[in-house]
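Below you'll find the structure, written out as C-alpha cells, and then a few comments.
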Amino acid sequence: MSGGSYNYLFTAQDLEDLHNRRHDLEEMANRLSGLGYAQDAARETEELLVLFRQWETRAAVRMRRLEDVWHAVEWWDSNDSSETRVHEALAIYRGDHDDAGEPRA
C-alpha cells in the first residue's frame, strides 16, 4: 500500500481536523517549498499555518478575558453561585472595576 507520507493530510474534513494535523501541514509546506516549482502552493500552505497561529493567539487573549465571566455564569447555572457574581465578573470584564473587584474611582 502506498501513500500516507503526511498522514493523509489531503483527507482533512474541517478546520479542527486540519488543526489536529498541523505537524503534517508544516511538513507539507516544507516539502512544497523544497520543490522549487511549487512556491505558490507552499506560500498558501504556510498561510494556513500563519492563520492558525494568529487565531490561537487572539483566542487565548479573549479566553483569558472571558474566563471569569464564563465561570460566574456556569456556577450560577449550576446553583453554586448567584447572579450577583455574574454582574461582578461582567463589571471587571468591562473595566468598571479593578482586578480586585473594587469600583474604579
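The values are calculated or read from the model by the stated rules, or taken from the named source; none is laboratory data. In this text, all values refer to a predicted model and were calculated from it rather than measured experimentally. Glycine also receives a Cβ, built like all others from the backbone with ideal geometry; neighbour counts cover every protein chain displayed. Surface accessibility is based on the protein's heavy atoms, side chains included, excluding ligands, DNA and RNA. Shrake-Rupley method; radii C 1.70, N 1.55, O 1.52, S 1.80 Å.
Details
- Filtered residues of segment 86-96 (kept if open to solvent by 50 Å² or more (accessible area, probe 1.4 Å), free of Cβ contacts under 8 Å to residues at least 24 places away in the same chain and touching a Lys or Arg at 6+ places or on another chain (Cβ under 8 Å)): 96
- When the criteria are applied in full, residue 102 fails the requirement of being at pLDDT 95 or above and open to solvent by 50 Å² or more (accessible area, probe 1.4 Å).
- Residues in segment 1-34 that are open to solvent by 80 Å² or more (accessible area, probe 1.4 Å), aliphatic (A, V, I, L, M) and either in contact (Cβ under 8 Å) with a residue 24 or more places away in the chain or assigned to a loop (DSSP other than H, G, I, E, B) (or both): 1 only.
- Unique match (being on the phi < 0 side of the Ramachandran plot, open to solvent by less than 80 Å² (accessible area, probe 1.4 Å) and at pLDDT 95 or above) among 83, 46, 67, 74: 46
- Here 72, 59 are screened, and the one residue that is touching a residue at least 12 places away in the same chain (Cβ under 8 Å), assigned to a helix (DSSP H, G or I) and of a type outside the set (Ser, Thr, Tyr) is 72.
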